[in-house]
Amino acid sequence: MKTIDWTKDELVAYILLYAANADFKESAEERDFIISKVDKQTFNEIHEEFKLDNDYQGLKKIMISLEQHNYDKEDIDLLLEDIKAMFFIDDDFDITERIMLKSLKRLFKTV
């Protein structure tokens, strides 16, 4: 897997889907939040791809695409703020979501 042909919106949709599934359930509110960040068609296409990937494949795609789109610290910080906002949609920032946020912060620092 050398390159990923995603637009920035597709990357954002994939990352937010990845995070939304941290607690193994994807709520309608989380889906609506993601669609507020990208268009519905992009969401649907990326959702289909996301369902076929395992965790390793997903993380690999995310990291490759972040590098391809030259995400810098400011871009990463904005992305992490969106992830955090999505976690708080249901007013329950549970332990799995906390661990996911911490893990993504660490991982994104390597970009």
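Per-structure values
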| read-out | value |
| --- | --- |
| Potential extension, Glu74-Asn54 segment - 0.36 nm per residue separation minus Cα distance | 4.4 nm |
| Student exercise, the range 30-76 dipole from Lys, Arg, Asp, Glu Cβ charges, in Debye to nearest 20 | 80 |
| Mean Cβ count within 10 Å, highest first, over the residues of peptides 86-93, 68-75 | 86-93, 68-75 |
| Sequence of Leu52, Leu79 once ranked by neighbouring C-beta atoms within 10 Å, starting from the fewest | Leu52, Leu79 |
| For Leu104, Leu16, order by how many other beta-carbon atoms lie within 10 Å, fewest first | Leu104, Leu16 |
| Kirkwood hydrodynamic radius (C-alpha pairs) into Stokes-Einstein, the chain, 20 °C and 1.002 mPa s, D in µm²/s | 153 |
| Ranked Val111, Val38, criterion: other C-beta atoms within 10 Å, fewest first | Val111, Val38 |
| Cβ-placed point charges (K, R +1; D, E -1), dipole of the chain about Cα centre in debye, nearest 20 | 540 |
| For the chain, calculated [θ]222 nm from helices alone, where every DSSP H run of n ≥ 4 adds -39500 (n - 2.57) | -22500 deg cm²/dmol |
| Label-point gap, in nm, between Asp91 and Glu45 - each point 7 angstrom along Cα→Cβ | 3.7 |
| Environment charge of Gly58, counting only residues whose C-beta is closer than 14 Å and scoring Lys/Arg +1, Asp/Glu -1 | -3 |
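A short reminder: the numbers here are calculations on the coordinates, not readings from a lab. These numbers come from a predicted model, not from an experiment. Every residue, glycine among them, receives a Cβ derived from its backbone with ideal geometry; neighbour counts consider all protein chains shown.
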